[in-house]
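Q: Pasting a structure here, questions to come.
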Amino acid sequence: MRTLAFQMPDRGGGPSGPRMRVGRPSRRARTLLMTLGVLAVLAMAFIMFAGFWTDWLWFRSVDYSTVFTTTLWTKVGLFAVFGLVMAGAVGLNIWLAHRLRPPLSAMSMEQQSLDRYRMTVAPYRKWLLLGISALVGLIAGASAAGQWKTWLMYVNGVPFGTKDPQFNLDVSFYTFDLPWYRFLLGFGFAAVVLSVIAAAVVHYLYGGLRVTSPGARATAAATGHLSVLLGLFVTLKAVAYWLDRYGLAVKSSDFKAADNWTGLRYVDANAYLPAKTILVAIAAICAVLFFATLWRRTWQLPVIGFGLMVLSAILIGGLYPAIVQKFQVQPNEQAKESPYVQKNIKATRDAYGVADASVTDYAGLPDPKADKKKLRQDANTTASIRLLDPNIVSPAFQQLQQNKGYYGFPATLAVDRYKGQDTVIGLREINLAGIPKNNWINDHFRYTHGYGVVAAKGTEVTANGEPVFTESGLPARGDLGEYEQRIYYGEQTKQYSIVGGPQKELDYANDAGEKETTYQGDSGVSLGNPVNRAAYALAFSEPQILYSGAIDDKSKILYNRTPKARVEAVAPWLTIDGAVYPAVIDGRVQWIVDAYTTTNGYPYASRTQLGDTTADSLTNSQRAVVAQENQVNYIRNSVKATVDAYDGTVKLYQWDTKDPVLKTWMKAFPGTVKAKKEISPTLMEHLRYPQDLFKVQRELLTRYHVTDPQTFLSGSEVWAVPDDPTTKAGTAVPPYYLSMKMPGQKDPNQAFSLTTTLTPNGRDNLSAFMAVNADPTTADYGKIQLLKLPTQNPVDGPKLVQARFNSKPEIAQEINILSRGDSQVEYGNLLTVPLDKGMLYVEPVYVRGGGLKYPLLKKVLVTYGDQTAFEDTLEKALNVVFGAESATPPPGDGTTTPPGDGTTTPPPTSQDPTVKAALADAQKAVDDADKALKAGDWAAYGKAQSDLQAALKRAIEAEAKVTTPTATATATPTPTPSG
């Protein structure tokens, strides 16, 4: 019977029969379509699940699962609550508008023409109501979920203990409460506006509103409904005016006194503030008039009230403040604005941690009657001049200590302290671009980690101009003792690796051959079950993870391997410093990461753009600040974090114990930040004052070193961060770490410091020298000192000092000799040191060429007062500048090569016959070069240089067998060609 019934339309032969059969899919086709649909839904569900699941596995693997769960449930809660509220508000008003529709008999011709739309909608009315409500609910819920930080700060906020000078409210109201109130207000406006639109459409569709029909434009029910919604809107506007009063304390405005000026000015306190208060009252009255339409059933009074509110906003909120600014402020601006400028200065200095910065006058010019011998001695004891520039010597590390092409060093190395001396340090990380053959196994299973620390003395070089390594080789050996040398987590390690399985990893390779290993650390996520493998195959778009035989039950996947990424992931409320650095601590290599708490809501404190303020000539994508909130007006180095280079363990330590923002986040995420007392003494020795915070503070202090409002307003004391004179990019000079003593320092020992120079705005002479004690083991850690130089006797700034170097004929001639052929001259960091009322400038000069792929330190430029020297060593340059020799030369005098010879000889006292023969050849090459130089025969000069380099290379290699590398640092240079 079922078959006959199905075939009857075919027999009928009517036109409808065949069309029905052709248009109706077969049962098999319907089953297939349903199956495909179910599979598509499951695939989408698994994609969503994979992202969630891999995140959960990673947070659990680093023992920060509470961060994941707290963030997740906060987002889910906000999504659900605000999504339901928005959906309920819009859905309720749609339902109410439909419920209040007039009877069909009362509809006009205009409304009767909409019958077809009503008939179309009628069967799906409930589904449309649910669909529209769900859509707006999803959008609102997603928006609310993005405010999870705002909510957590609101519910966990702790007081600052400081009140704003205008409203006498705790700063926490502006940083924690006001942002949440503003979100609620914005959400309320959105809910009311969407409800008004939805209700108006339904009322029009069902005859409650008329546009072209004669008679009343709206039914009484529609009038009352919409009036209540409009009354709610105006009520919210009254609340907005009230919050705007407090918003004036954190409002930025254009003001000639400072960029990104924040806080009330005279016109704000005396015009805008009373205007906002008046508008609150007007809006409240207007709202009452809208609500009154429930009884009056007319919009006449509400419309008049609304018009009055708009007119008042224009006259009271716009015109009146403009009149006050024009006729009261401008004629006597300094007197009117001074009290408010004073508030801004105090708040800004407090918010950026520079309130205790000391400003002292400094001559900047040496005393001509000073004892030359004493000056020369003080030059040795005042500072440990770091000749090794961490921004230039990376290629030397790469060439001399890379060992294999698949290892690499960062472009900018780090400066740290070991055994009381400044040290340049870098890690030998894995570099996939240098492996013999790139494929999935090699990239992710075989070449998984770097190996070893390489360190060099900051104040010394060999006679050849190369770094004096204190830790080198593969495996590394030296002054750092025994430690875990494998580097699985680093700045350059951005790819994922799968370890612990059947595939062996290359540990390291040296002259003894290749060594293999299997990862034994605790980090990583297990790939031992199919669900994890499928999730990561999807997450990394690599299907081989799902079925590869190189993965077994013991395999683990390592990812998020850069220190910045790991700290940012486990503490998403922190802003990460652009420069992380490694240190060997208690037998482990630890990455040290400085992190900040910031806010944009500190009343009266002027704002700054972190990305712009922290940029300098060394900034790149690797060293850029990771900013959660780019524009801020409060910052604290509240957290010191470490990331273990072997197992990736992340530890967060509370550093600023008074910071209320950190206390708020610690309350929101209990147990994630360790107490400051848990920092080990060994770790404390390697902590330092962070560079990006120092850059922000120096930028603020270009204006806010002035505390007098009259001087501040005049702009006569505005400074600027100078451009880096060693580059042509026009970018800011970076601050430099340097061990030194500041004038007036009571402690006789040098302090590890972070220093910079400042110039007058628009000029190149020196206006100030700024330094901060960067050593947390000292009592003065974090103390900022500004040495203010006189304006009547200008002192040369960095650009003018560099120009003086370049303009000296004898120096220019030697620079030309050094840069002949394919050689390139590179200027190192221009270091500035206050010395006995004057400023000592020191700049190392490197030469790259002659077949070498890395720079060698060849000369040192020194200037003090009106004396300038360009010598082979720092010791010689200081002797020339001061006209006296030091009785106690510093360890490591920075010996470099004589001009134009490409390298120097080892000690001539060696008895090795190979060394003697090589030195004889070198001396002959020097004589030949001298003759060629005098004759102007550059071809002969080039040949002599090549011979000299070859001879000295033989001598150095032979001497290295019987002496240590540092022995060459005191080598006696060979005779220098004249001219």
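Q: Note down the nm distance, to one decimal, between modelled labels 7 Å out along Cα→Cβ at residue 374 and at residue 747.
A: 2.5 nm
Q: Next question. Work out, step by step, the length gained on full extension between residue 38 and residue 495: first 0.36 nm times the residue separation, then minus their alpha carbon distance; give nm to one decimal. Intermediate values should be presented prior to the final figure.
A: Details: separation 457, 0.36 × 457 = 164.52 nm, distance 3.48 nm.
Separation in residues times 0.36 nm, less the Cα-Cα distance, equals 161.0 nm.
Q: Turning to a different aspect of this structure: Can you give me the C-alpha center-to-center distance between the range 337-405 and the range 822-863, rounded to a whole angstrom?
A: First find each Cα centre; the distance between them is then 17 Å.
Q: Whose amide H sits under 5 Å from the amide H of residue 573, counting only residues 5 or more places off or on another chain, with H placed in the peptide plane?
A: Answer set, sorted by chain and number: none.
Q: Right, something else. In whole Hz, what ³J(HN,Hα) sequence does the range 308-317 give by Karplus (6.51, -1.76, 1.60; θ = phi - 60°), x for Gly and Pro?
A: Result, rounded to whole Hz: 5, 5, 5, 5, 5, 4, 6, 6, 7, x.
Q: Further, regarding this structure: For residue 303 paired with residue 777, estimate the spin-label separation in nm (one decimal), with each label point 7 Å from Cα along the Cα-to-Cβ line.
A: About 8.1 nm, to one decimal.
Q: Just report the Cα centroid separation between the range 448-527 and the range 282-322, whole Å.
A: 73 Å
Q: State the extension gain, in nm to one decimal, for the chain segment bounded by residue 765 and residue 314, taking 0.36 nm per residue of separation less the distance between their alpha-carbons.
A: Here the segment from residue 765 to residue 314 would lengthen by 157.4 nm.
Q: Starting at the first residue of the range 357-362, write each ³J(HN,Hα) from the Karplus equation 6.51 cos²θ - 1.76 cosθ + 1.60 with θ = phi - 60°, in whole Hz, x for Gly and Pro.
A: Each residue of the range 357-362 in turn: 5, 9, 10, 10, 6, 9 Hz.
Q: A further question follows. Just to verify a number: FRET efficiency for residue 360 and residue 924, C-beta to C-beta distance, R0 = 60 Å, to 0.05?
A: After rounding to 0.05, the efficiency reads 0.55.
Q: Quick check on packing: order 830-841, 80-91, 542-553 by the mean number of other C-beta atoms within 10 Å, highest mean leading.
A: 830-841, 80-91, 542-553
Q: Read phi for every residue in the range 488-505 and hand back ³J(HN,Hα) as whole Hz from Karplus 6.51 cos²θ - 1.76 cosθ + 1.60, θ = phi - 60°, with x for Gly and Pro.
A: Going residue by residue, I get 8, 10, x, 4, 9, 8, 10, 8, 7, 10, 10, 10, x, x, x, 7, 6, 9 Hz, with x marking Gly and Pro.
Q: How tilted is helix 333-351 with respect to the longest principal axis of the chain? Cα atoms for both, answer in degrees (0 to 90, nearest 10).
A: Once rounded, the angle reads 70 degrees.
Q: Match the structure shown to one of the listed values (i) 29.6, 101; (ii) 36.9, 125; (iii) 35.0, 110 of Rg and Dmax of the Cα atoms in Å, computed from it, and give that label.
A: Correct label is (ii).
Q: Just need the relative contact order of the chain here, percent rounded to a whole number, with Cα pairs under 8 Å and 6+ apart.
A: 11 percent
Q: Multiply the residue gap between residue 254 and residue 565 by 0.36 nm, knock off their C-alpha separation, and tell me the result in nm, one decimal place.
A: Using 0.36 nm per residue and subtracting the Cα-Cα distance, I get 108.3 nm.
Q: Which of rounded, prolate or oblate describes the range 706-774 when judged by the alpha-carbon gyration tensor and an a/c cut-off of 1.5?
A: Verdict is oblate for the range 706-774.
Q: Before anything else, pin down the relative contact order of the range 561-687: Cα pairs under 8 Å, at least 6 apart, normalised by residue count, whole percent.
A: Worked out over the range 561-687, it gives 25 percent.
Q: Amide H of residue 508: which non-local residues (sequence gap of 5 or more, or other chain) have their own amide H closer than 5 Å, using H built in the peptide plane?
A: 515
Q: Please report the orientation-averaged projected area of the range 219-351, defined via the convex hull of its C-alpha atoms, in nm².
A: 9.0 nm²
Q: Report the trypsin sites (Lys or Arg not before Pro) located in the range 581-672 that are in a DSSP loop and have at most 16 other Cβ atoms inside 10 Å of their Cβ, or state none. Mind showing how you got there, number by number?
A: Numbers: sites: 588, 607, 623, 636, 640, 651, 658, 663, 667; in loops: 607, 623, 658.
Those satisfying the criteria are 658.
Q: Round to the nearest 10 and give me the degree value, 0 to 90, for the angle of helix 273-291's Cα axis relative to the longest principal axis of the chain.
A: So the inclination is approximately 30 degrees.
Q: Taking the Cα atoms only, what angle lies between the long axis of helix 938-959 and the longest principal axis of the chain, rounded to 10 degrees?
A: Taking Cα atoms only, the helix is inclined about 90 degrees.
Q: Quickly estimate the mean residue ellipticity at 222 nm for the chain, helices only: each DSSP H run with n ≥ 4 gives -39500 (n - 2.57), and the total goes over all residues, rounded to 500.
A: That comes out to -13000 deg cm²/dmol.
Q: So who's got an amide H within less than 5 Å of the one on residue 600, skipping anything under 5 residues away but keeping other chains? H placed 1.01 Å off N, in plane.
A: Counting only residues 5 or more places away or on other chains, the set is 633.
Q: On to the next question. Taking the Cα centre as origin and putting +1 on Lys and Arg beta-carbons and -1 on Asp and Glu beta-carbons, what dipole magnitude results for the chain, to the nearest 20 debye?
A: The dipole magnitude comes to about 5580 debye.
Here, each number is a calculation from the coordinates, and none is a lab measurement. Computed from a predicted model, the values in this text were never measured in an experiment. Cβ atoms come from the backbone with ideal geometry, glycine included; neighbour counts cover every protein chain shown.
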